[in-house]
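Participant: Let me begin by handing over the structure; questions about it come next.
The values are calculated or read from the model by the stated rules, or taken from the named source; none is laboratory data. Just so it is clear, the model here is predicted, and its values are computed rather than measured. Backbone-built Cβ (ideal geometry, glycine too); neighbour counts: all protein chains shown. For the accessible areas, the whole protein counts, side chains as well, though only heavy atoms, and no ligand, DNA or RNA atoms are used. Shrake-Rupley method; radii C 1.70, N 1.55, O 1.52, S 1.80 Å.
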Amino acid sequence: MRHLRLPAILLLIGALSAPALAWDDFVVLTTDYATVGGATRVGRHAPWPAAVDLATVSSDAVGRWHDGRYYVVNRSAANIQVLDPAQSMATVLQFSVGVGRNPQDIAFSTDGRAFVSCLDAALLLEVDPVAGGVVRSWSTAGFADADGLPETGWMLAVADRLFITCQRLNRDGWWEPTGPGLLLVFDMAAGTWGAPVVLAGSNPAPPLSLSPDGTRLLAPTVGLYGLLDAGFETVDLATLTSSGLLVSEQQFGGEIVDVVMTGAHRAWAVVSD
């Protein structure tokens, strides 16, 4: 993990207190990179007690907390698995989102609706987080490159807007980015697409996050894996414009895995070299 001293363009006025935590633990998803993964519950305070592998998940999974439950997106298995911490992480619901769609992330609107992005289908799905199942879908084909797939991934809901990373990769050419990355902008209340945000870097593969004051999205990009050709940028939520690359991958010394800001002048990055 590397500490970044942010340039002056990232000056943010004011601060917000951390949001109230729903519970005093966090969940770690593990994998053997082959057949199976697990969900381990860890205490947030010393001595950080761990309850290991309370649930079995797929070998390619990501998770999101919502309304007292933990929603696991089993990517390669194409299903959503809901774990209940009040029942020792028991699986209380599991449902398919469609074979071959390769779901990537789940996000929730302020009224509790749930949305799922897909890597291998040009679709944004709405799913029922209580009863399960896909209830509606919207095409993302208009944002695709020549192979017909936009490769949508991580999402972040901000008020009624849903921001979705759009990698735009050439599947016939070693998954090389075909141009600048995009952040798709979906109005969850109206069910309509807005104009996408054009990023300075390509292949926005890492997760999105918010600046401490909630005025900017943090949007790291990785470009073509193996080349130091992308970096870290932010998106102004008022204007929906990119700052341009504030820190390059060359300055990082590797590919960006994740970035989080902990203050107006300070950010931390996980980097793979």
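Participant: Just to verify a result, which residue in segment 214-272, among those that are charged (D, E, K, R) and either in a loop (DSSP other than H, G, I, E, B) or without any contact (Cβ under 8 Å) to a residue 24 or more places away in the chain (or both), is nearest to Asn203 (Cα to Cα)?
Facilitator: Ranking the qualifying residues of segment 214-272, first place goes to Asp229.
Participant: Moving on. Going through segment 52-65 one residue at a time, which ones are of a type in the set (A, V, I, L, M, F, W, C) and either farther than 19 Å from Val92 by Cα or open to solvent by 40 Å² or more (accessible area, probe 1.4 Å) (or both)? If you could, list the steps in order and put the result at the bottom.
Facilitator: In the first step, residues of segment 52-65 are kept if they are of a type in the set (A, V, I, L, M, F, W, C); the result is 52, 54-55, 57, 61-62, 65.
Residues satisfying the conditions are Val52, Leu54, Trp65.
Participant: State the number of residues belonging to segment 77-99 that are open to solvent by 30 Å² or more (accessible area, probe 1.4 Å), farther than 19 Å from Asp53 by Cβ and in contact with a strand residue (DSSP E or B) (Cβ under 9 Å, 6 or more places away or on another chain).
Facilitator: Selection size over segment 77-99: 2.
Participant: Let me ask another. I'd like the full set of residues that are in contact with a helix residue (DSSP H, G or I) (Cβ under 9 Å, 6 or more places away or on another chain) and farther than 20 Å from Ala141 by Cβ, limited to segment 196-219.
Facilitator: Filtering segment 196-219 down to residues in contact with a helix residue (DSSP H, G or I) (Cβ under 9 Å, 6 or more places away or on another chain) leaves 196, 201, 211, 216.
Those that are in contact with a helix residue (DSSP H, G or I) (Cβ under 9 Å, 6 or more places away or on another chain) and farther than 20 Å from Ala141 by Cβ: Gly201, Ser211, Arg216.
Participant: Thr110 is checked against (1) more than 26 Å from Ala144 (Cα to Cα); (2) of a type in the set (Val, Ile, Thr); (3) in a strand (DSSP E or B) and fails just one. What number does that condition carry?
Facilitator: So the condition that Thr110 fails would be (3).
Participant: Scan segment 171-205 residue by residue and report those that are open to solvent by 10 Å² or more (accessible area, probe 1.4 Å), outside any strand (DSSP E or B) and in contact with a Leu (Cβ under 6 Å, 6 or more places away or on another chain).
Facilitator: Trp175, Pro180, Pro196, Ala200 - these are the residues of segment 171-205 that are open to solvent by 10 Å² or more (accessible area, probe 1.4 Å), outside any strand (DSSP E or B) and in contact with a Leu (Cβ under 6 Å, 6 or more places away or on another chain).
Participant: Mind checking whether some residue in segment 72-84 is assigned to a strand (DSSP E or B), at pLDDT below 95 and within 30 Å of Arg216 (Cβ to Cβ)?
Facilitator: No; the residues of segment 72-84 include none that is assigned to a strand (DSSP E or B), at pLDDT below 95 and within 30 Å of Arg216 (Cβ to Cβ).
Participant: Being within 18 Å of the chain's Cα centre (by Cα) and either crowded, with 21+ Cβ neighbours inside 10 Å or among the β-branched types (Val, Ile, Thr) (or both) is the filter here; which residues of segment 243-261 pass it?
Facilitator: Taking segment 243-261 as the starting set, the residues that turn out to be within 18 Å of the chain's Cα centre (by Cα) are 255-261.
Once the filter is applied, which keeps residues that are within 18 Å of the chain's Cα centre (by Cα) and either crowded, with 21+ Cβ neighbours inside 10 Å or among the β-branched types (Val, Ile, Thr) (or both), segment 243-261 yields Glu255, Ile256, Val257, Val259, Val260, Met261.
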